[in-house]
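The values are calculated or read from the model by the stated rules, or taken from the named source; none is laboratory data. These numbers were taken from a predicted model, which means no experiment stands behind them. Neighbour counts run over all protein chains shown; Cβ positions are idealised from the backbone, glycine included. Protein only, heavy atoms only, side chains kept; ligands, DNA and RNA dropped before computing areas. Shrake-Rupley method; radii C 1.70, N 1.55, O 1.52, S 1.80 Å.
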Amino acid sequence: MNARGNLRIVWAIASKDIVDAIRNKTTLSTILSVLFLVVFYRLMPAWESGDTLPRLAIYDAGGSSLAAQLKDSTEFDLIETSSQENMIAYVGNKDIVVMGLTLPVDFDQLLASGEELELQGYAVHWATDAATAEVRAFFEQHLSELTGKPVAIDIDGNIVHTQKDSRGFAFLASVSFILVLAIIGLSMVPNLMIEEKRARTMDALLISPARAGHIAVGKAIAGLFYCLTAAALVAGTYTALITHWWLAALAVVCGSLFTVSLGLLLGSTLRVKQQVMLWAWLLLIPLLMPVFLVIATDLFPAGLIAALRWVPTVALSSVFRVSFAETAPLAHFGPELALVVSSAALALAAVAWVVRRSDR
Amino acid sequence: MIAIKARDLTRDYDGLRAVDGISFAVEPGEIFGFLGPNGAGKTTTIRMLTGQLRPTFGKAWVAGCDVVDERQQLKPQIGVVFDCQNIYERLSGRDNLLFTARLYGVKRSRVQKVLEQVGLVERARDKTQKYSNGMKQRLLIARALLHEPRVLFLDEPTRGLDPGVARDIRAIVAGLAKQGVTVFLTTHYMEEADNLSDRVAIIDRGRIVAIDTPEQLKADSDQPDASLEDAFINLTGRSL
Ligand SMILES: Nc1ncnc2c1ncn2[C@@H]1O[C@H](COP(=O)(O)OP(=O)(O)OP(=O)(O)O)[C@@H](O)[C@H]1O
Ligand SMILES: [Mg+2]
């Protein structure tokens, strides 16, 4: 068969499934529930900041008298850090907008001098201008009240970027992408295949010019379509966070390829829905758990954490976080992306093997 | 060219011999009835002849293609009406056919033609979920005819249908044969084999026990005015 014929068949199957997936209760509920979960996640920090106090992280270089006063405030929470780096790390690792502040070594003299105080403040890159302005105004006012003189917090050029191993907001965002890709890829794609087997429309497909390979590719395209669409929706809720869109897009594409390939493998080897549910969960657990476990560096031995970094989803989640970081040098995401792509290739090879066997 | 030829066709399912060395040939334009009780091996034979199942032993050719080695060439030559109503329930009848048309690379105008041929034009835009069994069966036939196959396989096409609907389906099948389509039809209804088929093979426990015209089969039976049923009892020692 020529290339046009192949394309025609693959596209016929893919477009049917793309339309059919939203009419199919099982696949539709999968898509909707995972999107709901992710939007829920996204909104949680906002709720939290609604009923917790504003937070100030300070590095008090000179052991000033102000720090003790700040501690007693009931209007906000104070976190004292032992160095400038720790203060910045604290700001970058939270899922709410924390004001970071450096009190210079000569703070007490400055205070006594009677001049207006200008302090260096820090805020995360993903905070909206409005949110940053709000916390800044809040602390300027409170510090003015406490010191009895005008205080200005200067944050120009003090933007804190999240990093590859950041927790907090950046971590939640990377997990959201992983959840969407893993659940849609691993449950929707096999369901599309199982459905054809159950209704025995698969038999009708196989006596038509379609081969098992066309069917697998057609289903994969439908799965990729939904992974990419859902990931685009997730990205839409994190626009302020993502700094390297090309890398986020690359991560989505490679991640979708990986999860869709696993989904295809399940769909082409299994026959009934219950089996798919069972196996999808059996795969989701070892794929999703490590993403959370690796950040608990103080709970687990270093060897285990290092081993978990080889799990493709863990690698993928760190590629996402690199796409949120200030810079994205190849060394920060290359090995991880290569791991994801080779895992996808491995799964696809397994699919090709299964499909070729069934095509004989 | 012979439309269907089977030589020593055999299929085992884990030790169970479902089809046991059957040989026969079907001429182009013939309606060939494959008559047998439940579990006789009718579906298994169709699945082998249409390239869905590998024979354990033996060979078969349909429309000049080896059913194992030339499966892809065979596909556009054959149409299959399955023993179950395997259509997309969430799609309309028309969309089911449009999808099949795209798979086969057939012009969209064929869809309207086959819908007319099976008398389904008025309900074509309804979801097939809402179709009666008879309408679903018509749709299955329409789908099998879409790409104008030379050989049509029908696996018990009237099973479970009202007598009136069954009669309509038989009329459609008879019309096809007039247009030169070769029809391979399995059934366990005596009248269907008798009235519709040019020739009948009686299959029992995976073996063909007789092949002939319905008239000759009846004549070969011992009794005068024998029905095909009598012939069947005579050949297999039991009733259908
Ligand atoms: N996939 C299978 N695995 C094991 N045994 C099978 C399988 N399919 C059919 N059989 C057995 O092979 C024999 C022939 O089955 P087949 O379906 O070909 O009969 P049939 O003539 O079509 O019967 P029916 O009138 O019930 O449709 C039966 O004994 C059946 O139980
Ligand atoms: Mg059968």
Out of A:20, A:72, A:60, any idea which swings most in a Gaussian network model of chain A, alpha carbons joined below 10 Å? A:72
Residue by residue through the range B:184-190, the couplings from Karplus 6.51 cos²θ - 1.76 cosθ + 1.60 with θ = phi - 60°, in Hz, x for Gly and Pro, are 10, 10, 9, 6, 10, 9, 4
Arrange the peptides B:105-111, B:192-198 so that the one whose residues have, on average, the most other Cβ atoms within 10 Å appears first. B:192-198, B:105-111
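In nm², what is the average projected area of the convex hull enclosing the Cα atoms of the protein assembly as shown? List each step's numbers first, then the result.
On the way: hull surface 138.5 nm².
Spelled out: convex hull of the Cα atoms, projected over all directions, averaged, 34.6 nm².
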If the convex hull is drawn through the Cα atoms of the range A:252-360, its volume per residue in Å³: 113 Å³
Magnitude of the Cβ-charge dipole (Lys and Arg +1, Asp and Glu -1) of the range B:17-159 about the Cα centre, nearest 20 debye, reported as 640 debye
In the range B:132-179, what trypsin sites (Lys or Arg not before Pro) fall in a loop by DSSP, with at most 16 other Cβ atoms inside 10 Å? B:159
Across every pair of different alpha-carbon atoms, what Kirkwood hydrodynamic radius in Å does the range B:98-140 reach? 10.9 Å
Against the empirical 2.2 N^0.38 Å scaling, what ratio does the C-alpha Rg of the range B:165-240 come to? 1.14
Please report, in debye to the nearest 20, how large the charge dipole of the protein assembly as shown is about its Cα centre when each Lys and Arg carries +1 at its beta carbon and each Asp and Glu carries -1 there. 3100 debye
Label point distance in nm, residue A:304-residue A:23, each placed 7 Å from Cα along Cα→Cβ: 4.9 nm
Selected from A:128, A:259, A:30 as most flexible by GNM, with chain A as the system and alpha-carbon contacts under 10 Å: A:128
If you build a Gaussian network model of chain A, linking Cα atoms that sit under 10 Å apart, which residue out of A:241, A:282, A:339 swings the most? A:282
Inter-part distance where the range B:20-44 and the range A:243-320 are each reduced to a Cα centre, Å: 51 Å
Report, in whole Å, the centroid distance computed from the Cα atoms of the range B:172-202 and the range A:124-162. 87 Å
Do the sum for the protein assembly as shown: with -39,500 (n - 2.57) for every DSSP H run of n ≥ 4, divided by all residues, what is the mean residue ellipticity at 222 nm, to the nearest 500 deg cm²/dmol? -17500 deg cm²/dmol
Rg/Rg_ref, the range B:86-220, where Rg_ref = 2.2 N^0.38 Å and atoms are Cα: 1.14
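Using a 10 Å cut-off around each Cβ of peptide B:98-104, what is the average number of partner chain Cβ atoms that fall inside?
If you average over the peptide's residues, the count of other-chain Cβ atoms is 6.
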Under 5 Å between amide hydrogens, which residues at least 5 positions from residue B:207 or on another chain qualify, with H placed 1.01 Å from N in the peptide plane? B:20
Using the Karplus curve 6.51 cos²θ - 1.76 cosθ + 1.60 with θ = phi - 60°, work out ³J(HN,Hα) for each residue of the range B:84-99 in order, rounded to whole Hz, and write x for Gly and Pro. 10, 8, 8, 10, 7, 5, 8, 9, 6, x, 5, 5, 4, 6, 4, 4
Heavy atoms of residue B:147 accessible to a 1.4 Å probe, total area in Å² rounded to 10: 30 Å²
Please report, in whole Å³, the volume per residue of the convex hull around the C-alpha atoms of the range B:134-198. 76 Å³
How are the C-alpha pair distances of the range A:50-160 spread across 5 Å bins, as whole percents from the shortest bin up? 2, 12, 24, 28, 20, 10, 3, 0
Net charge near residue B:59: determine it from the other residues with C-beta under 10 Å of the C-beta of residue B:59, scoring Lys and Arg +1 and Asp and Glu -1. -1
Per residue of B:49-56, count partner chain C-beta atoms within 10 Å of its C-beta, then hand back the mean as an integer. 1
The relative contact order of chain B, taking Cα pairs under 8 Å that sit 6 or more residues apart, comes to a percentage of 26 percent
For chain A, what is the relative contact order in percent, using Cα pairs closer than 8 Å and at least 6 residues apart in sequence? 19 percent
What is the Cα centroid distance between the range B:61-78 and the range B:203-238, reported in whole angstrom? 31 Å
Test item: B:74-81 mean partner chain Cβ contacts at 10 Å: 2
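Could you give the dipole magnitude of the range A:53-100 about its Cα centre, charging the beta-carbon of Lys and Arg +1 and that of Asp and Glu -1, in debye to the nearest 20?
In debye, rounded to 20, the range A:53-100 gives about 60.
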Sorted from largest down, give the three principal axis spans of the alpha carbons of chain A, whole angstrom values. 90, 40, 36
Residues whose modelled amide H sits under 5 Å from the amide H of residue B:79, counting only those 5 or more places away in sequence or on another chain, are B:151, B:152, B:153
